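Heads up, the thing below is written out as structure tokens.
The values are calculated or read from the model by the stated rules, or taken from the named source; none is laboratory data. What you see is a predicted model; the values in this text were computed from it and never measured. A quick note on method: Cβ atoms are made from the backbone with ideal geometry, for glycine too, and the neighbour counts reach across all protein chains shown. All accessible areas refer to the heavy atoms of the entire protein, side chains included, with ligands and DNA or RNA removed. Shrake-Rupley method; radii C 1.70, N 1.55, O 1.52, S 1.80 Å.
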Amino acid sequence: MMRVMTYNIHGWRTTGGRPNLAAVIETVRRADPHILGLNEVFHPAAVADPQVAGAGMGNVAALEMLAKELNMAYLFGPCLRWPAQDEMPANAYGNALLSKYPIMAGAAHHLTAVEGKEQRGLLEGRVQLPDGKSFTIYVTHLDHTSEAARLTQLRALRSWTIRDRNRAHVVMGDFNAISLWDFAGREEAWQGLSHHPKGSNLGGDGAGPQVVAQMEKAGYIDTYAHVGRPGQQSFIPATDPPIRIDYIFASAPLLPALVDCTIVVEPPDSEASDHRPVLATFDPTQLT
């Protein structure tokens, strides 16, 4: 089986502001994914977790240490723009891809800039599966303040992913968007969104949530909605109503290979991040 996981790691810090590298390592190790997408990654930020940084390790990048501990290769995709690549600051911010399979190629794309909003990006990686086939992964993190901004970013994202429309691939990450599927028959929960700490923008800036629907219209399958149950929670700090904003979208050719999808729940009060990982399992023998 092939396990694919997406995880917003909150900038190498817990919700309480403590270093979380050791906890992230443990969470990922328990889930044991073959492919891992990360959001809110500072790189090459040095190891800041005393539980991990041993003698002589103080200058090792946290992402590099995570990959080493998990025996995975990695790619990093910065989101912010700089005049030249060699001017990228020491602690750039963006998305990452880790893989137990060989990474054959990768590219970091900037999504359309939205005035007044944080620059967002799309990390593309291609890995080689054990049977020699290639498999493409896209990792992204959309705006957290506006559905309109997310839709603008989504259009740019689709301009890249459409090249793989006829091939099995995944698009995953923190979309900061909700699905109407999670609120079917839950009117009270829907009304509670207007008071949610993430902001009323989750409801779609008055027009209703559209991002997930647009992904589905483009032929993608929300893997959790395909096998899970509504009303679950991937964003932890606020529980009323619980919201799911982290997704693994599978292309239509990948759907026959989907076996399962779960939200990884850690023990209470021991979460490494303010998000829960989402883990999808695929049968690679069903890939065409």
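Below, the figures for the structure above:
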{"read-out": "21 Å Cα-Cα reach of Lys68 towards lysines, excluding residues that sit fewer than 8 places from it in its own chain", "value": "Lys100"}
{"read-out": "Rounded if a/c under 1.5, otherwise prolate or oblate - the range 177-278, Cα gyration tensor axes", "value": "oblate"}
{"read-out": "Relative contact order (%) - the range 199-288, alpha-carbon pairs under 8 angstrom, separation at least six", "value": "27 percent"}
{"read-out": "Debye intensity ratio in log₁₀ form over the Cα atoms of the range 95-174, taken at each q of 0.15 Å⁻¹", "value": "-0.54"}
{"read-out": "Relative contact order %, the chain, counting alpha carbon pairs below 8 Å whose residues are six or more apart", "value": "20 percent"}
{"read-out": "The range 113-186, relative contact order in percent, only Cα pairs under 8 angstrom and at least six apart counted", "value": "31 percent"}
{"read-out": "GNM result for the chain, Cα springs below 10 Å: residue of Met104, Met72, Met215 fluctuating most strongly", "value": "Met104"}
{"read-out": "Portion, in percent, of the accessible area of the chain that falls on carbon or sulfur, probe 1.4 Å", "value": "50 percent"}
{"read-out": "All-pairs Cα distance distribution in the chain, expressed in whole percent, bin size 10 Å", "value": "6, 30, 38, 22, 4, 0"}
{"read-out": "Inter-probe distance in nm under a simple model that places probes 7 Å from Cα toward Cβ, at Lys198 and Gln286", "value": "2.8 nm"}
{"read-out": "Residue-normalised accessible area of the chain, given per residue in Å² at a 1.4 Å probe", "value": "42 Å²"}
{"read-out": "Residue-by-residue Karplus 3J(HN,Hα) for the range 266-273, coefficients 6.51, -1.76, 1.60, Hz, glycine and proline x", "value": "8, x, x, 6, 10, 5, 6, 9"}
{"read-out": "Simple label model, 7 Å out from Cα along Cβ direction - Leu180 to Ala113, nm", "value": "3.5 nm"}
